[in-house]
Amino acid sequence: MKSARAAALATALALSALTLVACQQSAEVSRAVGAMCDEKAECDERCMPPDALTPGGFCTLSCLNDGDCPADTRCADVEGGVCLFACQHDLQCEFLGQDWGCSEEELLSDDPEEIDEVEVCLGSPQ
Amino acid sequence: MSRLAAVIGCVMAVSAAAALADEAAAGTPGESRPSPAGGADPAAGVLAQAEPAGADREGAAGESAGESAEDLAEDPASPDADGGTEARPLPEVPQSSPFPDDSEPSPEPSGDAAADTSAADGEGQADPTPQDPLPGEQELGASLGLALGGGSTPGGLRIGGRYYYRLSSRDWFDAGVGFTFGSSREACFRDRRDDVVCDHGFASGFAAEVRAGGIRFFGSDDTFSPYARLGVAGRIIAFPGDEVRGIAAPAFVGAGVRARVHDFVAVTGGAEFLSGPAWMSRGMGLEPHASFAVSAGVEFTVVD
(Lines give C-alpha, C1' and ligand atoms only; values in the text may rest on other atoms or scores of the structure.)
Protein backbone atom coordinates (compact mmCIF):
# COMPACT_ATOMS: atom_id res chain seq x y z
CA MET A 1 0.00 0.00 0.00
CA LYS A 2 3.02 2.25 0.26
CA SER A 3 3.16 2.25 -3.50
CA ALA A 4 -0.47 3.33 -3.67
CA ARG A 5 0.19 6.22 -1.32
CA ALA A 6 3.31 7.19 -3.24
CA ALA A 7 1.37 7.18 -6.49
CA ALA A 8 -1.35 9.34 -4.98
CA LEU A 9 1.16 11.83 -3.65
CA ALA A 10 2.99 11.92 -6.95
CA THR A 11 -0.27 12.71 -8.71
CA ALA A 12 -1.02 15.50 -6.29
CA LEU A 13 2.45 16.96 -6.71
CA ALA A 14 2.12 16.85 -10.48
CA LEU A 15 -1.19 18.69 -10.26
CA SER A 16 0.39 21.28 -7.99
CA ALA A 17 3.25 21.84 -10.41
CA LEU A 18 0.81 22.33 -13.27
CA THR A 19 -1.07 24.85 -11.20
CA LEU A 20 2.04 26.84 -10.43
CA VAL A 21 2.87 26.92 -14.11
CA ALA A 22 -0.66 28.11 -14.79
CA CYS A 23 -0.17 31.09 -12.52
CA GLN A 24 2.91 32.34 -14.35
CA GLN A 25 1.77 35.17 -16.59
CA SER A 26 3.59 38.12 -18.08
CA ALA A 27 3.45 40.97 -15.59
CA GLU A 28 5.36 43.53 -17.64
CA VAL A 29 2.81 44.44 -20.23
CA SER A 30 -0.97 44.28 -20.42
CA ARG A 31 -3.90 45.27 -22.55
CA ALA A 32 -3.83 48.58 -20.72
CA VAL A 33 -0.19 49.52 -21.23
CA GLY A 34 2.54 47.84 -23.21
CA ALA A 35 0.92 45.15 -25.36
CA MET A 36 1.65 45.08 -29.07
CA CYS A 37 -1.24 46.23 -31.23
CA ASP A 38 -2.36 47.21 -34.67
CA GLU A 39 -5.77 48.51 -33.71
CA LYS A 40 -7.76 49.75 -30.75
CA ALA A 41 -9.65 46.47 -30.32
CA GLU A 42 -6.46 44.84 -29.10
CA CYS A 43 -6.16 47.26 -26.19
CA ASP A 44 -8.23 48.36 -23.24
CA GLU A 45 -8.41 51.96 -24.45
CA ARG A 46 -5.97 53.13 -27.04
CA CYS A 47 -3.49 51.78 -29.56
CA MET A 48 -0.51 53.72 -30.82
CA PRO A 49 -0.01 51.85 -34.11
CA PRO A 50 3.37 50.61 -35.23
CA ASP A 51 5.67 53.39 -36.35
CA ALA A 52 9.04 54.84 -35.46
CA LEU A 53 7.72 56.22 -32.19
CA THR A 54 6.15 52.94 -31.09
CA PRO A 55 7.71 49.97 -32.94
CA GLY A 56 5.36 46.99 -32.99
CA GLY A 57 2.50 49.13 -31.74
CA PHE A 58 1.80 50.08 -28.15
CA CYS A 59 -1.35 49.80 -26.09
CA THR A 60 -1.67 52.73 -23.72
CA LEU A 61 -4.02 54.97 -21.79
CA SER A 62 -4.75 58.64 -22.34
CA CYS A 63 -3.79 60.79 -19.40
CA LEU A 64 -3.69 64.31 -18.02
CA ASN A 65 -1.25 63.58 -15.20
CA ASP A 66 0.59 60.73 -13.52
CA GLY A 67 -2.46 59.91 -11.46
CA ASP A 68 -4.13 58.56 -14.59
CA CYS A 69 -1.36 56.07 -15.23
CA PRO A 70 -0.63 52.61 -13.76
CA ALA A 71 2.41 51.92 -11.63
CA ASP A 72 5.78 52.13 -13.40
CA THR A 73 4.38 54.48 -16.02
CA ARG A 74 4.37 58.27 -16.37
CA CYS A 75 2.10 60.66 -18.20
CA ALA A 76 4.20 62.04 -21.03
CA ASP A 77 3.22 64.85 -23.36
CA VAL A 78 3.16 62.63 -26.41
CA GLU A 79 0.17 62.60 -28.77
CA GLY A 80 -1.89 64.62 -26.32
CA GLY A 81 -0.80 62.73 -23.24
CA VAL A 82 -0.26 59.02 -22.92
CA CYS A 83 1.09 56.67 -20.27
CA LEU A 84 4.58 55.38 -21.05
CA PHE A 85 6.98 53.21 -19.08
CA ALA A 86 9.40 55.24 -16.98
CA CYS A 87 13.10 54.58 -17.41
CA GLN A 88 16.58 55.84 -16.60
CA HIS A 89 18.56 54.16 -19.34
CA ASP A 90 18.01 52.22 -22.57
CA LEU A 91 18.45 48.80 -21.01
CA GLN A 92 15.27 49.30 -19.03
CA CYS A 93 13.33 49.55 -22.29
CA GLU A 94 14.68 46.41 -23.92
CA PHE A 95 11.70 44.35 -22.83
CA LEU A 96 9.64 46.37 -25.32
CA GLY A 97 11.88 45.43 -28.23
CA GLN A 98 15.27 46.18 -29.64
CA ASP A 99 14.10 49.41 -31.29
CA TRP A 100 13.05 50.96 -28.03
CA GLY A 101 15.13 53.30 -25.90
CA CYS A 102 14.90 55.74 -23.04
CA SER A 103 13.91 59.24 -24.17
CA GLU A 104 13.35 62.51 -22.39
CA GLU A 105 9.88 63.92 -22.84
CA GLU A 106 7.83 66.65 -21.24
CA LEU A 107 5.83 65.50 -18.24
CA LEU A 108 2.16 66.28 -18.41
CA SER A 109 0.61 67.64 -15.24
CA ASP A 110 -2.40 69.57 -14.03
CA ASP A 111 -0.34 72.66 -13.31
CA PRO A 112 0.25 74.46 -16.63
CA GLU A 113 3.07 76.46 -15.13
CA GLU A 114 4.90 73.38 -13.99
CA ILE A 115 7.20 72.27 -16.74
CA ASP A 116 9.16 69.18 -16.00
CA GLU A 117 10.90 66.52 -17.96
CA VAL A 118 10.51 62.78 -17.61
CA GLU A 119 12.37 59.88 -19.12
CA VAL A 120 10.13 57.29 -20.77
CA CYS A 121 10.47 54.38 -23.17
CA LEU A 122 9.84 55.23 -26.81
CA GLY A 123 11.06 54.12 -30.20
CA SER A 124 14.72 54.96 -30.74
CA PRO A 125 15.51 57.19 -33.71
CA GLN A 126 17.33 55.14 -36.35
CA MET B 1 -6.00 35.31 -5.33
CA SER B 2 -5.58 32.97 -8.25
CA ARG B 3 -2.58 31.49 -6.52
CA LEU B 4 -4.52 31.13 -3.24
CA ALA B 5 -7.23 29.22 -5.03
CA ALA B 6 -4.65 26.99 -6.59
CA VAL B 7 -2.96 26.34 -3.27
CA ILE B 8 -6.31 25.48 -1.62
CA GLY B 9 -7.03 23.14 -4.47
CA CYS B 10 -3.69 21.47 -4.16
CA VAL B 11 -4.10 20.97 -0.42
CA MET B 12 -7.46 19.42 -1.10
CA ALA B 13 -5.94 17.20 -3.78
CA VAL B 14 -3.26 15.96 -1.45
CA SER B 15 -5.78 15.32 1.31
CA ALA B 16 -8.12 13.44 -0.98
CA ALA B 17 -5.32 11.36 -2.43
CA ALA B 18 -3.99 10.52 1.01
CA ALA B 19 -7.46 9.56 2.19
CA LEU B 20 -7.88 7.26 -0.77
CA ALA B 21 -4.51 5.69 -0.09
CA ASP B 22 -5.42 5.22 3.57
CA GLU B 23 -8.70 3.61 2.70
CA ALA B 24 -7.01 1.32 0.24
CA ALA B 25 -4.51 0.29 2.88
CA ALA B 26 -7.26 -0.22 5.47
CA GLY B 27 -9.27 -2.42 3.15
CA THR B 28 -7.11 -5.48 3.83
CA PRO B 29 -8.45 -8.10 6.25
CA GLY B 30 -6.90 -8.08 9.66
CA GLU B 31 -7.09 -4.33 10.25
CA SER B 32 -9.79 -3.11 12.54
CA ARG B 33 -11.74 -0.23 11.01
CA PRO B 34 -15.41 0.61 11.15
CA SER B 35 -17.35 -0.58 8.17
CA PRO B 36 -20.00 1.54 6.48
CA ALA B 37 -23.42 1.18 8.03
CA GLY B 38 -25.40 -1.39 6.22
CA GLY B 39 -22.57 -1.90 3.80
CA ALA B 40 -21.60 -5.33 2.65
CA ASP B 41 -17.97 -5.00 1.77
CA PRO B 42 -16.48 -8.48 1.76
CA ALA B 43 -13.51 -7.51 3.89
CA ALA B 44 -15.81 -5.72 6.29
CA GLY B 45 -17.94 -8.82 6.42
CA VAL B 46 -15.06 -10.85 7.76
CA LEU B 47 -14.34 -8.21 10.34
CA ALA B 48 -17.95 -8.07 11.39
CA GLN B 49 -17.92 -11.74 12.18
CA ALA B 50 -15.08 -11.21 14.60
CA GLU B 51 -16.87 -8.41 16.42
CA PRO B 52 -19.49 -8.79 19.14
CA ALA B 53 -23.13 -8.52 18.23
CA GLY B 54 -24.19 -4.93 18.19
CA ALA B 55 -21.15 -3.62 16.40
CA ASP B 56 -21.77 -1.33 13.49
CA ARG B 57 -22.97 -4.13 11.30
CA GLU B 58 -26.45 -3.55 12.57
CA GLY B 59 -28.33 -2.54 9.53
CA ALA B 60 -28.83 -4.31 6.28
CA ALA B 61 -27.29 -7.51 7.52
CA GLY B 62 -27.42 -6.67 11.18
CA GLU B 63 -29.16 -9.56 12.87
CA SER B 64 -27.73 -12.35 10.84
CA ALA B 65 -24.22 -10.96 11.05
CA GLY B 66 -24.58 -10.44 14.77
CA GLU B 67 -25.72 -13.98 15.39
CA SER B 68 -22.89 -15.28 13.31
CA ALA B 69 -20.43 -13.26 15.31
CA GLU B 70 -21.78 -14.66 18.56
CA ASP B 71 -21.55 -18.16 17.31
CA LEU B 72 -18.06 -17.62 16.10
CA ALA B 73 -17.04 -16.06 19.38
CA GLU B 74 -17.90 -19.34 21.11
CA ASP B 75 -15.76 -21.18 18.64
CA PRO B 76 -12.17 -21.60 19.89
CA ALA B 77 -11.02 -20.95 16.37
CA SER B 78 -12.61 -17.55 16.40
CA PRO B 79 -10.22 -14.57 16.70
CA ASP B 80 -12.24 -13.13 19.59
CA ALA B 81 -12.66 -16.35 21.49
CA ASP B 82 -9.55 -15.75 23.55
CA GLY B 83 -10.06 -12.06 23.73
CA GLY B 84 -7.28 -11.39 21.29
CA THR B 85 -7.46 -8.47 18.98
CA GLU B 86 -5.48 -9.93 16.15
CA ALA B 87 -7.85 -10.59 13.29
CA ARG B 88 -7.24 -13.77 11.39
CA PRO B 89 -9.07 -14.80 8.25
CA LEU B 90 -12.32 -16.54 9.04
CA PRO B 91 -14.49 -18.72 6.89
CA GLU B 92 -16.50 -16.46 4.65
CA VAL B 93 -20.12 -16.22 5.72
CA PRO B 94 -22.62 -15.01 3.16
CA GLN B 95 -23.92 -11.55 4.01
CA SER B 96 -27.03 -9.77 2.98
CA SER B 97 -25.76 -7.78 0.05
CA PRO B 98 -27.41 -5.70 -2.62
CA PHE B 99 -24.19 -5.57 -4.59
CA PRO B 100 -23.24 -7.96 -7.34
CA ASP B 101 -19.58 -8.07 -6.35
CA ASP B 102 -20.47 -8.95 -2.78
CA SER B 103 -22.41 -12.03 -3.79
CA GLU B 104 -19.50 -13.79 -5.38
CA PRO B 105 -19.02 -17.41 -4.31
CA SER B 106 -17.00 -17.67 -1.14
CA PRO B 107 -15.33 -20.57 0.60
CA GLU B 108 -17.87 -23.02 1.96
CA PRO B 109 -18.89 -22.03 5.47
CA SER B 110 -18.84 -24.68 8.15
CA GLY B 111 -20.32 -25.26 11.55
CA ASP B 112 -23.01 -23.30 13.31
CA ALA B 113 -22.03 -20.08 11.71
CA ALA B 114 -22.91 -21.33 8.29
CA ALA B 115 -26.15 -22.86 9.46
CA ASP B 116 -27.27 -19.74 11.29
CA THR B 117 -26.36 -17.49 8.44
CA SER B 118 -28.16 -19.65 5.94
CA ALA B 119 -31.23 -19.61 8.08
CA ALA B 120 -31.14 -15.86 8.44
CA ASP B 121 -30.29 -14.98 4.90
CA GLY B 122 -32.07 -17.65 3.00
CA GLU B 123 -30.05 -17.92 -0.17
CA GLY B 124 -27.50 -15.40 1.05
CA GLN B 125 -29.05 -12.71 -1.14
CA ALA B 126 -31.20 -9.87 0.08
CA ASP B 127 -32.67 -6.70 -1.27
CA PRO B 128 -31.37 -3.35 -0.08
CA THR B 129 -32.96 -2.39 3.20
CA PRO B 130 -34.08 1.07 4.29
CA GLN B 131 -31.01 1.24 6.57
CA ASP B 132 -28.66 1.07 3.63
CA PRO B 133 -27.24 4.59 3.29
CA LEU B 134 -27.13 4.23 -0.48
CA PRO B 135 -30.04 2.00 -1.30
CA GLY B 136 -29.94 1.92 -5.08
CA GLU B 137 -27.73 0.68 -7.81
CA GLN B 138 -27.89 3.90 -9.82
CA GLU B 139 -28.30 7.56 -8.97
CA LEU B 140 -28.84 10.82 -10.79
CA GLY B 141 -27.91 14.24 -9.51
CA ALA B 142 -27.64 17.91 -10.31
CA SER B 143 -25.38 20.57 -8.85
CA LEU B 144 -24.94 24.32 -8.82
CA GLY B 145 -21.79 26.15 -7.80
CA LEU B 146 -18.98 28.51 -8.55
CA ALA B 147 -15.75 27.79 -10.38
CA LEU B 148 -12.62 29.90 -10.10
CA GLY B 149 -10.66 30.10 -13.30
CA GLY B 150 -8.02 32.53 -14.45
CA GLY B 151 -5.42 32.77 -17.18
CA SER B 152 -6.72 30.48 -19.89
CA THR B 153 -9.21 28.65 -17.67
CA PRO B 154 -12.89 29.62 -17.63
CA GLY B 155 -14.61 30.37 -14.36
CA GLY B 156 -18.00 31.51 -13.16
CA LEU B 157 -21.37 29.92 -12.50
CA ARG B 158 -21.16 26.18 -12.75
CA ILE B 159 -24.01 23.75 -13.27
CA GLY B 160 -23.71 20.03 -13.65
CA GLY B 161 -25.47 16.73 -13.93
CA ARG B 162 -24.25 13.41 -12.58
CA TYR B 163 -24.86 9.73 -12.97
CA TYR B 164 -23.61 7.16 -10.44
CA TYR B 165 -23.46 3.43 -10.90
CA ARG B 166 -22.65 1.27 -7.93
CA LEU B 167 -19.47 -0.77 -8.18
CA SER B 168 -19.23 -1.90 -4.56
CA SER B 169 -20.58 -0.93 -1.16
CA ARG B 170 -18.59 2.31 -1.13
CA ASP B 171 -17.31 2.83 -4.66
CA TRP B 172 -19.36 4.12 -7.53
CA PHE B 173 -18.68 4.90 -11.14
CA ASP B 174 -19.17 8.63 -11.53
CA ALA B 175 -20.01 10.20 -14.89
CA GLY B 176 -21.38 13.63 -15.63
CA VAL B 177 -21.63 16.76 -17.68
CA GLY B 178 -20.91 20.31 -16.59
CA PHE B 179 -21.13 23.84 -17.84
CA THR B 180 -19.30 26.93 -16.64
CA PHE B 181 -20.54 30.39 -17.52
CA GLY B 182 -18.42 33.48 -16.96
CA SER B 183 -18.12 36.95 -18.40
CA SER B 184 -17.05 37.59 -21.96
CA ARG B 185 -14.66 40.39 -21.02
CA GLU B 186 -11.69 40.76 -23.36
CA ALA B 187 -8.47 39.84 -21.63
CA CYS B 188 -6.07 38.56 -24.28
CA PHE B 189 -3.26 40.60 -25.75
CA ARG B 190 0.00 40.25 -27.64
CA ASP B 191 3.05 40.50 -25.45
CA ARG B 192 6.25 42.09 -26.74
CA ARG B 193 7.34 38.78 -28.30
CA ASP B 194 4.09 38.81 -30.26
CA ASP B 195 2.77 35.81 -28.32
CA VAL B 196 -0.89 35.86 -27.38
CA VAL B 197 -1.33 35.95 -23.62
CA CYS B 198 -4.68 35.72 -21.86
CA ASP B 199 -5.11 37.05 -18.37
CA HIS B 200 -8.75 36.34 -17.72
CA GLY B 201 -10.21 36.89 -14.31
CA PHE B 202 -11.63 34.30 -11.95
CA ALA B 203 -15.02 34.30 -13.63
CA SER B 204 -14.58 34.60 -17.36
CA GLY B 205 -15.25 32.45 -20.39
CA PHE B 206 -17.30 29.35 -21.03
CA ALA B 207 -16.62 25.65 -20.65
CA ALA B 208 -18.62 22.52 -21.40
CA GLU B 209 -17.37 19.18 -20.19
CA VAL B 210 -18.00 15.49 -19.95
CA ARG B 211 -16.32 13.50 -17.22
CA ALA B 212 -15.85 10.01 -15.87
CA GLY B 213 -14.24 8.66 -12.75
CA GLY B 214 -14.99 7.15 -9.41
CA ILE B 215 -16.43 8.29 -6.14
CA ARG B 216 -15.99 6.66 -2.75
CA PHE B 217 -18.28 7.25 0.21
CA PHE B 218 -16.76 6.96 3.67
CA GLY B 219 -20.03 7.09 5.54
CA SER B 220 -20.11 5.50 8.97
CA ASP B 221 -23.81 6.06 9.49
CA ASP B 222 -26.83 6.41 7.29
CA THR B 223 -27.09 10.21 7.47
CA PHE B 224 -23.78 11.81 6.58
CA SER B 225 -21.30 10.36 4.16
CA PRO B 226 -18.04 12.12 3.42
CA TYR B 227 -16.81 11.32 -0.05
CA ALA B 228 -13.83 11.69 -2.33
CA ARG B 229 -13.85 11.54 -6.08
CA LEU B 230 -11.33 11.57 -8.89
CA GLY B 231 -11.38 11.11 -12.62
CA VAL B 232 -10.73 12.75 -15.95
CA ALA B 233 -12.71 15.17 -18.07
CA GLY B 234 -12.85 16.47 -21.61
CA ARG B 235 -13.63 20.18 -21.93
CA ILE B 236 -14.49 22.58 -24.68
CA ILE B 237 -13.34 26.08 -23.78
CA ALA B 238 -14.32 29.45 -25.22
CA PHE B 239 -13.57 33.06 -24.43
CA PRO B 240 -16.02 34.81 -26.76
CA GLY B 241 -14.70 38.32 -26.14
CA ASP B 242 -11.27 37.35 -27.37
CA GLU B 243 -12.38 34.85 -29.99
CA VAL B 244 -10.25 32.22 -28.28
CA ARG B 245 -11.33 28.60 -28.23
CA GLY B 246 -9.77 25.36 -27.13
CA ILE B 247 -10.06 21.92 -25.68
CA ALA B 248 -8.70 20.58 -22.41
CA ALA B 249 -8.16 17.14 -20.90
CA PRO B 250 -7.80 17.71 -17.17
CA ALA B 251 -7.88 15.35 -14.22
CA PHE B 252 -9.94 16.23 -11.19
CA VAL B 253 -10.02 15.39 -7.50
CA GLY B 254 -12.71 16.43 -5.07
CA ALA B 255 -14.16 15.88 -1.65
CA GLY B 256 -17.31 16.75 0.20
CA VAL B 257 -20.16 15.54 2.33
CA ARG B 258 -23.44 13.98 1.40
CA ALA B 259 -26.50 13.95 3.64
CA ARG B 260 -29.60 11.91 3.14
CA VAL B 261 -32.81 13.82 3.54
CA HIS B 262 -35.11 11.07 2.36
CA ASP B 263 -34.82 7.37 1.60
CA PHE B 264 -34.05 8.15 -2.01
CA VAL B 265 -32.92 11.78 -1.89
CA ALA B 266 -29.63 13.25 -0.69
CA VAL B 267 -28.07 16.68 -0.72
CA THR B 268 -24.37 17.25 -1.24
CA GLY B 269 -21.77 19.94 -0.82
CA GLY B 270 -18.18 19.74 -1.89
CA ALA B 271 -15.13 21.20 -3.51
CA GLU B 272 -13.09 20.12 -6.44
CA PHE B 273 -9.74 20.87 -8.04
CA LEU B 274 -9.18 20.32 -11.72
CA SER B 275 -5.93 20.58 -13.63
CA GLY B 276 -4.41 19.48 -16.91
CA PRO B 277 -3.30 20.61 -20.34
CA ALA B 278 -5.35 22.67 -22.78
CA TRP B 279 -4.88 23.38 -26.45
CA MET B 280 -5.94 26.90 -27.37
CA SER B 281 -6.50 28.73 -30.65
CA ARG B 282 -5.05 32.07 -31.82
CA GLY B 283 -1.59 30.60 -31.79
CA MET B 284 -1.58 30.10 -28.04
CA GLY B 285 -0.98 26.36 -28.36
CA LEU B 286 -0.54 24.28 -25.22
CA GLU B 287 -1.66 26.10 -22.09
CA PRO B 288 -2.05 25.04 -18.46
CA HIS B 289 -5.61 24.58 -17.30
CA ALA B 290 -6.54 24.74 -13.61
CA SER B 291 -9.74 25.45 -11.74
CA PHE B 292 -11.11 25.26 -8.23
CA ALA B 293 -14.85 24.87 -7.73
CA VAL B 294 -17.34 24.57 -4.90
CA SER B 295 -20.85 23.30 -5.45
CA ALA B 296 -24.01 22.05 -3.81
CA GLY B 297 -26.42 19.59 -5.28
CA VAL B 298 -29.14 17.06 -4.91
CA GLU B 299 -29.04 13.38 -5.83
CA PHE B 300 -31.81 10.88 -6.42
CA THR B 301 -31.72 7.13 -6.20
CA VAL B 302 -33.00 5.50 -9.33
CA VAL B 303 -35.49 2.91 -8.14
CA ASP B 304 -35.13 -0.36 -10.00
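The values are calculated or read from the model by the stated rules, or taken from the named source; none is laboratory data. Predicted, not measured: the structure shown is a model, and the values here were computed from it. Here Cβ is always computed from backbone atoms with ideal geometry, including for glycine, and neighbour counts include all displayed protein chains. For accessibility, only protein heavy atoms count, side chains too; no ligands or nucleic acids. Shrake-Rupley method; radii C 1.70, N 1.55, O 1.52, S 1.80 Å.
In whole Hz, with x marking every Gly and Pro, tabulate ³J(HN,Hα) for segment A:87-94 from phi via Karplus 6.51 cos²θ - 1.76 cosθ + 1.60, θ = phi - 60°.
Values, residue by residue: 7, 10, 8, 4, 4, 6, 9, 5 Hz.
Counting only protein heavy atoms and rolling a 1.4 Å probe, how much accessible area do A and B lose on contact, total for both sides, in Å² to 100? Spell out each step's value before the answer.
Working: alone 8090 and 14710 Å², together 20280 Å².
The buried area between A and B, both sides summed, comes to about 2500 Å².
Please give the contour-minus-distance gain from B:ALA212 to B:ARG282: 0.36 nm per residue of separation, less the Cα-Cα distance, rounded to one decimal in nm.
Working: separation 70, 0.36 × 70 = 25.20 nm, distance 2.93 nm.
22.3 nm is the gain from fully extending B:ALA212 to B:ARG282.
Quick check for you: with a 1.4 Å probe and neighbouring chains kept, what is the accessible area per residue of segment A:26-123, in Å²? Spell out each step's value before the answer.
On the way: 4900 Å² over 98 residues.
I get 50 Å² per residue for this part.
Explain nothing, just compute: Karplus ³J(HN,Hα) = 6.51 cos²θ - 1.76 cosθ + 1.60, θ = phi - 60°, for every residue of segment B:147-159 in order, whole Hz, x for Gly and Pro.
For segment B:147-159, the Karplus curve yields 10, 9, x, x, x, 10, 10, x, x, x, 5, 10, 10 Hz.
Between B:ALA175 and A:ALA41, what is the FRET efficiency for a Förster distance of 56 Å, r being their Cβ-Cβ separation, to the nearest 0.05? Kindly include the intermediate steps, with their values, before the conclusion.
Values: r = 41 Å, r/R0 = 0.73.
Taking R0 as 56 Å, the efficiency between B:ALA175 and A:ALA41 is 0.85.
Quick one: putting +1 on the C-beta of Lys and Arg, -1 on the C-beta of Asp and Glu, what dipole do you get for segment A:26-123 around its Cα centre, in Debye to the nearest 20? Working shown, then result.
Details: 4 positive and 25 negative charges, 109 e Å.
Rounded to the nearest 20 debye, it is 520 debye.
Can you give the mean number of other chain Cβ atoms that lie within 10 Å of the Cβ atoms in peptide A:62-73? Present the calculation step by step, with values, prior to reporting the outcome.
On the way: counts 0, 0, 0, 0, 0, 0, 0, 0, 0, 0, 0, 0.
For peptide A:62-73, the averaged partner shielding equals 0.
Can you list residues from other chains, or at least 5 along the same chain, whose modelled amide H is less than 5 Å from the amide H of B:SER183?
For B:SER183, the qualifying residues are B:SER204, B:GLY205.
Quick one: Karplus J couplings for segment B:189-198, per residue in order, coefficients 6.51, -1.76, 1.60, θ = phi - 60°, nearest Hz, x for Gly and Pro?
Working through the residues one at a time gives 8, 9, 6, 6, 9, 6, 8, 6, 10, 10 Hz.
Quick one: grab the alpha carbon gyration tensor of segment B:147-304, order the square roots of its eigenvalues as a ≥ b ≥ c, and give me rounded if a/c is under 1.5, else prolate or oblate depending on whether a/b is larger than b/c.
Numbers: a/c = 2.90, a/b = 2.50, b/c = 1.16.
Judged from the Cα gyration tensor, segment B:147-304 comes out prolate (a/c at least 1.5, a/b above b/c).
Averaged across B:272-278, how many Cβ atoms of other chains sit within 10 Å of each residue's Cβ atom? The partial results should precede the final answer.
Numbers: counts 0, 4, 2, 8, 3, 1, 1.
Partner Cβ neighbours, averaged per residue: 3.
Please compute the average number of Cβ atoms from other chains found within 10 Å of each residue's Cβ in peptide B:186-199.
Working: counts 5, 3, 3, 13, 10, 9, 14, 5, 3, 2, 1, 6, 1, 5.
That average works out to 6.
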